[in-house]
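Laboratory data are not the source of any read-out in this text; all were calculated from the coordinates shown. It should be emphasised that the depicted structure is a prediction, and the values quoted were computed from it without experimental measurement. Every residue, glycine among them, receives a Cβ derived from its backbone with ideal geometry; neighbour counts consider all protein chains shown.
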Amino acid sequence: MANSEYRNDTLAAQPPQETARAHLRVLDALLNVEGDDADFARLFRAYHALFAFDGALVLQEDGTSVNCIAAEPKELIGRQWPILPLLHEAVHGRVLAISGTQPGDEREQLPADLIARDEGALLLPIAVRDRHAALLLRRSAGREDFGDLQLVLARQYSVFALAILGMRNSERIRHEGERLRRLIEDLQRDGQETSPSHDLFKEIIEQLPIGLTVQDEEGRFILVNSVAAANLAMSPDALLVRGRRRPWSPAWALF
């Protein structure tokens, strides 16, 4: 899946319809990761359209190690690494960007044979069936790092994946999961793929049967669905009024 000619501004320059359809394919793939090869292949294809990675791994904790349960290329499947703090945090909700061009403390805290010294990478949580996992996207040495827009997308998809995991741990998952799948299909069929990706994300998050809030580093609400607002006895607008920012600002989407 190499993309030596791809640049981050290629994503921003895509027609809105094409980009929105790509977002919907990611959301659909996240809803359907049950653990078989076809599910992982669909997940990799969906993320590749927006992140243009050269390699991808799905990592899952198993006792004292982190195991690669799916990968592109497949030769990496079955590899194991110790459960280091950063890997544990990524599996359980943290989104982590590793620069391939700038030094950083995070790289030194990860196994040297997991991310090569000059590779750029993104680590983000996903759900595999009813278990936490992490998706590692890698870019080969010499390519530009993942951009701000891609980091925002990674954080948005991570919120969605963690919400899916929360639903799968409840009795309502089958019904609600099917309802979300129908919503995605309706958005595609009805021509709403022209909506900005952030609006699509908000519309789908609004359908979740669990309360979901996201706050920035200053503690301000930047995303609230109706269930969460009802639990807090306030309207979503009242909670968000002091936290509105531009949708594509990285600070706006600090999940």
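Couple of notes before you dig in:
- Distance histogram for the stretch 47-144 (every C-alpha pair counted, 10 angstrom bins, percent rounded to whole numbers): 17, 54, 28, 2
- Cleavage-rule hits (trypsin sites (Lys or Arg not before Pro)) in the stretch 53-140: DSSP loop, at most 14 neighbouring Cβ within 10 angstrom: ARG117, ARG129
- By the count of neighbouring beta-carbon atoms within 10 Å, fewest first, ILE126, ILE83 end up ordered ILE83, ILE126.
- Extension gain from ASP113 to ALA49, taking 0.36 nm per residue of separation minus the Cα-Cα distance: 20.5 nm
- Other-chain or far-sequence residues with amide H under 5 Å of GLY55's (modelled H): ARG138
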